[in-house]
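Reviewing the structure listed below.
The values are calculated or read from the model by the stated rules, or taken from the named source; none is laboratory data. Since this is a predicted model, take the numbers as computed values, not measurements. Reconstructed Cβ throughout: ideal geometry from the backbone, glycine too, with neighbour counts over all protein chains shown.
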Amino acid sequence: MSGTLLAGFVLLPWLGVWMTTVAAALANLAVARSCSSPDRGRRRRGLGDSLAAITASVAPLELRAGLVAFGVVSAVAMIYEEVWQRALQLVIGSSVYAFAILLASFLLGLAIGAAVYSYRTARQPGQAANLAIAQLLVALSAGAGALALDDLPAAFLVVLRAIPVAPAPALAAQSAIAACVVLVPRSSRG
């Protein structure tokens with residue numbers, strides 16, 4: 001999330017598209033280098049052993065069903081992101097700032113949802129039930145958000161009239177509106 005905001009609000013305006021892309025590529029190279037350290041093999045074997053133990057304890061049909069569910073949930077998340085981007089363009093615009101706000105809200109929601117989900121699974125280990133509850137919460141909150149989409153431009157105008165005319169308060173208002181639409185369903189996801 002911080003990388004999204006850094007790119008949208010600092011790097012792109014300051015360095016431009018080409019240099020921001022180069023900076024991102026260099027960051028990826030640094031991460032790749034840190035992952036290929038000499039003791040990485042020992043850690044990877046430990047992770048592989050853990051994954052093997054987990055997959056051995058799950059029936060093949062359940063494992064396949066889980067992978068399909070993961071794929072469907074991920075595809076639906078991308079559909080939500082696209083729908084929200086198009087709906088929020090009327091309110092927050094289509095600038096690099098607006099996209100950074102939307103994507104940061106999306107990523108923050110994923111982080112909050114993952115924290116809530118891991119907290120819940122630590123106390124109630126039934127993965128299928130936890131996933132079902134998370135998806136039900138996403139559907140309900142996204143449905144409620146969809147009902148409010150038509151009213152967002154009017155709500156944003158009300159907010160704009162109540163704040164000082166300056167870029168920072170306007171960006172804060174745009175962020176709040178994006179968070180209302182995006183953050184709750186993504187946080188429910190887990």
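One table, with the values for the structure above:
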{"read-out": "Among the candidates Gly145, Gly190, residue that is closer than 30 Å to Leu61 by Cβ, modelled with pLDDT under 80 and touching a helix residue (DSSP H, G or I) at 6+ places or on another chain (Cβ under 7 Å)", "value": "Gly190"}
{"read-out": "Listing of helices (runs of 4 or more DSSP H) fully contained in the range 7-100 that carry 1 or more residues being modelled with pLDDT under 80 and closer than 25 Å to Pro167 by Cα", "value": "60-92"}
{"read-out": "Hits in the range 135-153 - residues which are of a type in the set (A, V, I, L, M) and surrounded by 10 or more Cβ atoms within 10 Å (Cβ to Cβ)", "value": "Leu136, Leu137, Val138, Ala139, Leu140, Ala142, Ala144, Ala146, Ala148, Leu149, Leu152"}
{"read-out": "Members of the range 119-159 found to be of a type in the set (S, T, N, Q) and either farther than 29 Å from Gly3 by Cα or in contact (Cβ under 8 Å) with a residue 40 or more places away in the chain (or both), listed by number", "value": "Gln124, Gln127, Asn130, Gln135, Ser141"}
{"read-out": "Ala148 in the same structural domain as Ala179 (by TED's automatic domain parsing), touching a Cys at 6+ places or on another chain (Cβ under 9 Å) and not polar (S, T, N, Q)", "value": "yes"}
{"read-out": "Qualifying residue in the range 83-105 (condition: surrounded by 12 or more Cβ atoms within 10 Å (Cβ to Cβ) and charged (D, E, K, R))", "value": "no"}
